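Right, one structure below, let's go through it.
The values are calculated or read from the model by the stated rules, or taken from the named source; none is laboratory data. Quantities reported herein were computed from a predicted structural model and do not represent experimental measurements. Every residue, glycine as well, gets a Cβ built from its backbone with ideal geometry; the counts of neighbours run over all protein chains shown. Remember, those area values only see protein heavy atoms, side chains included, never the ligands or the DNA or RNA. Shrake-Rupley method; radii C 1.70, N 1.55, O 1.52, S 1.80 Å.
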Amino acid sequence: IKVRQGGPEPSAAVGVTTVRGLKWHGGVEFKELTKPDADAVKRGSSNLAHAVRVVNRFGIPAVVAINRFPDDTPAEVAEVKRAAAEAGATAVESLGFAKGGAGMTDLASAVVEAADRPSKVRLLYPDDAPITEKVETLARELYYAGSVEWGPMTRTTARRYQDQGWNFPICMAKTHLSISADQKLRGVPRGHVLPIGELRVSAGARQIVVLVGNIITLPGLPGEPNAWDIDLTDDGKV
């Protein structure tokens, strides 16, 4: 979305992962995520590999930041690094919470190294493609959906937006817990149905927002945000 609207292209991308998140994708339930289980990390690493493939699909190198938690074991962290390397990315531990800036220097160095590699952004669809084609391309290429289910009036809305000349990029609003629209589908599900419930236009941001599945978007700011009631005293206190 950003690249299409101008400015410099990114030279690399950082994907953030956690041992706990990969264990969840490996079939471990939430209440058991703090228990050591390197095998579950290995099972769930397919989700990490998919994220790396998405970055590479856009033509840029990926760096994986492992957001460390105190109960992560060396064997689990090693499994994440192995999976990332196998997928074609460099994985580095992110220790900023525990060590501040000193805990982030290794990650920073890895990002600089990745950004120095030759790269060229490859976009997934042309700007003037029909909105339905853009959505179906994303569903197929990024989410591995077998089909797209268009809800009532969504195709009509898409045509109306096109008639207005709104050839904007697509912003997919969907669950972060799965590459599908069903948060219960872990790992890398394939052949699922991606249900489109609603289309909205963000004219100022120049985006078509596509609501996928059971998703609720954040509300906008009120007409008079609370920030207007914040001030400083003469001696600089809030």
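Key figures
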read-out	value
Single residue of 156, 175, 105 found to be of a type in the set (Ser, Thr, Tyr), surrounded by fewer than 16 Cβ atoms within 10 Å (Cβ to Cβ) and within 26 Å of residue 216 (Cβ to Cβ)	156
Meets criteria (surrounded by 19 or more Cβ atoms within 10 Å (Cβ to Cβ) and modelled with pLDDT of 95 or more) for residue 124	no
Some residue of the stretch 27-48 being farther than 19 Å from residue 189 by Cα and among the basic types (Lys, Arg)	yes
Residues (of a type in the set (A, V, I, L, M) and either modelled with pLDDT under 95 or surrounded by fewer than 16 Cβ atoms within 10 Å (Cβ to Cβ) (or both)) located in the stretch 80-92	85
Yes/no for residue 6 being within 30 Å of residue 202 (Cα to Cα) and small (Gly, Ala, Ser)	yes
Output for the stretch 61-79, where each listed residue is touching an Asp or Glu at 6+ places or on another chain (Cβ under 9 Å), open to solvent by less than 10 Å² (accessible area, probe 1.4 Å) and under 30 Å from residue 118 (Cα atoms)	63, 65, 66, 77
Any chance residue 210 is in contact with a helix residue (DSSP H, G or I) (Cβ under 7 Å, 6 or more places away or on another chain), closer than 30 Å to residue 6 by Cα, modelled with pLDDT of 90 or more and open to solvent by less than 50 Å² (accessible area, probe 1.4 Å)	yes
Residue 31 being more than 22 Å from residue 97 (Cβ to Cβ) and either outside any helix (DSSP H, G or I) or open to solvent by 50 Å² or more (accessible area, probe 1.4 Å) (or both)	yes
